[in-house]
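Participant: Once you've had a glance at the structure underneath, I'll fire off some questions.
The values are calculated or read from the model by the stated rules, or taken from the named source; none is laboratory data. Just so it is clear, the model here is predicted, and its values are computed rather than measured. FYI the Cβ positions are ideal-geometry reconstructions off the backbone, even for glycines, and counts take in every protein chain you see. Keep in mind that these areas ignore ligands, DNA and RNA; they rest on the heavy atoms of the full protein, side chains included. Shrake-Rupley method; radii C 1.70, N 1.55, O 1.52, S 1.80 Å.
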Amino acid sequence: MQMLSGKVALVTGGGRGLGAAICETLAEAGAVAIVADIRTDLAQKVTQDLCDRGMEATALSLDITNDSQVEATIQKIVDQYGKIDFLINNAGADVTLSVEELSIADWDKVMNVNLRAPFILSKLIFPIMRQQGGGHIVNISSTASKRAWANASVYHASKWGLMGLSHALHVEGRPHGVKVTAVVAGGMRTPFLLDRFPDIDPNVLQDPKNVAETVRYVLMQPAETVIPEVMVIPTRETSWP
């Protein structure tokens, strides 16, 4: 399956969890996976694994909250490949505390990763895609953008905001051939959940590969078709009724 052959995909948080699954899935479909992560060691491991299997991938150290580093990274990709076809805003953060316990610094940290960084990345890559005649931005959202639970106020705020940003970008992008999709993901068997909630039952979570396959699916739609929003949830997970 090489239906994305030659496409260049920048995946933030690509070093583990869903990001690593997305890198693998897109590389299997023929894309060049740009594995960007603040953890350089993780990005390099994913990249090496893909290259050892005959796929094309590049590891990049990237702190998405550092504006100058984001700009330099984007320029590096364009200099090397001449384009960026896909931007997958996947990197995420959370601080699980009540609103009374949550510090302002914690709020800022999560919002910077989950909402501000996707805005900056999209803002810088959007004109590149427009100039090259098209592209696709995928924002990894969450069921936290649809309903709420306790001790997650900043996560909910950031993901609801990301949904708003995603749909606004979709409206702005359509006239220029720039597609934008929000992928609303339910709970996955990834470190993001399992490391923070060791008592969670993994059987009610989904394999991140399933969500990665949905990302691949939306990227492979015909040129005249765009899917603005899609939800992917496990059959038993409790974050969605």
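Participant: Listed residues Arg147, Arg130; which is of a type in the set (Lys, Arg), in a helix (DSSP H, G or I) and surrounded by fewer than 22 Cβ atoms within 10 Å (Cβ to Cβ)?
Facilitator: The unique qualifying residue is Arg130.
A quick yes/no check of all residues on (1) modelled with pLDDT under 95; (2) within 21 Å of Ile140 (Cα to Cα):
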{"residue": "Met3", "(1), (2)": "yes, no"}
{"residue": "Val8", "(1), (2)": "no, yes"}
{"residue": "Thr12", "(1), (2)": "no, yes"}
{"residue": "Ala21", "(1), (2)": "no, yes"}
{"residue": "Glu28", "(1), (2)": "no, yes"}
{"residue": "Ala36", "(1), (2)": "no, yes"}
{"residue": "Met55", "(1), (2)": "no, no"}
{"residue": "Ala59", "(1), (2)": "no, yes"}
{"residue": "Asn66", "(1), (2)": "no, yes"}
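Participant: Does any residue of the range 88-98 turn out to be part of a helix (DSSP H, G or I), open to solvent by 10 Å² or more (accessible area, probe 1.4 Å) and closer than 27 Å to Val218 by Cβ?
Facilitator: no
Participant: Provide a single number: the residues in the range 21-59 that are open to solvent by less than 20 Å² (accessible area, probe 1.4 Å), under 17 Å from the mean Cα position of the chain (by Cα) and within 25 Å of Gln221 (Cα to Cα).
Facilitator: Residues meeting the conditions: 13.
Participant: May I pose another question? State whether one or more residues within the range 70-85 are of a type in the set (D, E, K, R), touching a helix residue (DSSP H, G or I) at 6+ places or on another chain (Cβ under 9 Å), closer than 14 Å to Ser158 by Cα and surrounded by 16 or more Cβ atoms within 10 Å (Cβ to Cβ).
Facilitator: Scanning the range 70-85 turns up no residue that is of a type in the set (D, E, K, R), touching a helix residue (DSSP H, G or I) at 6+ places or on another chain (Cβ under 9 Å), closer than 14 Å to Ser158 by Cα and surrounded by 16 or more Cβ atoms within 10 Å (Cβ to Cβ).
Participant: Inspect the range 106-124 for any residue being among the aromatic types (Phe, Trp, Tyr) and either touching a residue at least 60 places away in the same chain (Cβ under 8 Å) or surrounded by 23 or more Cβ atoms within 10 Å (Cβ to Cβ) (or both) and give the result as yes or no.
Facilitator: Within the range 106-124, none of the residues are among the aromatic types (Phe, Trp, Tyr) and either touching a residue at least 60 places away in the same chain (Cβ under 8 Å) or surrounded by 23 or more Cβ atoms within 10 Å (Cβ to Cβ) (or both).
Per-residue answers, yes or no, for (1) open to solvent by 30 Å² or more (accessible area, probe 1.4 Å); (2) part of a helix (DSSP H, G or I); (3) modelled with pLDDT of 95 or more:
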site	(1), (2), (3)
Asn151	yes, no, no
Ala157	yes, yes, yes
Leu162	no, yes, yes
His167	yes, yes, yes
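Participant: Can I ask one more? Take the range 211-224 and flag every residue that is at pLDDT below 95 and crowded, with 17+ Cβ neighbours inside 10 Å.
Facilitator: If the condition is that a residue be at pLDDT below 95 and crowded, with 17+ Cβ neighbours inside 10 Å, then Val211 is the only one that fits.
Participant: Does His136 meet the test of being surrounded by fewer than 18 Cβ atoms within 10 Å (Cβ to Cβ) and either farther than 15 Å from Val230 by Cα or not hydrophobic (A, V, I, L, M, F, W, C) (or both)?
Facilitator: No: the conditions fail for His136.
Participant: Identify, please: which residue in the range 225-241 is open to solvent by 60 Å² or more (accessible area, probe 1.4 Å) and modelled with pLDDT of 90 or more and is, among those, nearest to Lys146 (Cα to Cα)?
Facilitator: If we take residues in the range 225-241 being open to solvent by 60 Å² or more (accessible area, probe 1.4 Å) and modelled with pLDDT of 90 or more, then Met231 is nearest to Lys146 (Cα to Cα).
Participant: Please find, within the range 1-19, the residue that is nearest to Leu87 (Cα to Cα) out of those that are open to solvent by 20 Å² or more (accessible area, probe 1.4 Å) and of a type in the set (A, V, I, L, M, F, W, C).
Facilitator: Within the range 1-19, the match that is nearest to Leu87 (Cα to Cα) is Met3.
Participant: Let me ask another. Restricting to the range 27-85, give me the number of residues that are assigned to a loop (DSSP other than H, G, I, E, B) and closer than 23 Å to Gly177 by Cα.
Facilitator: 7
Participant: Considering (1) surrounded by 17 or more Cβ atoms within 10 Å (Cβ to Cβ); (2) of a type in the set (A, V, I, L, M); (3) at pLDDT below 90, say which one Val204 fails and leave the rest.
Facilitator: The failed condition is (1).
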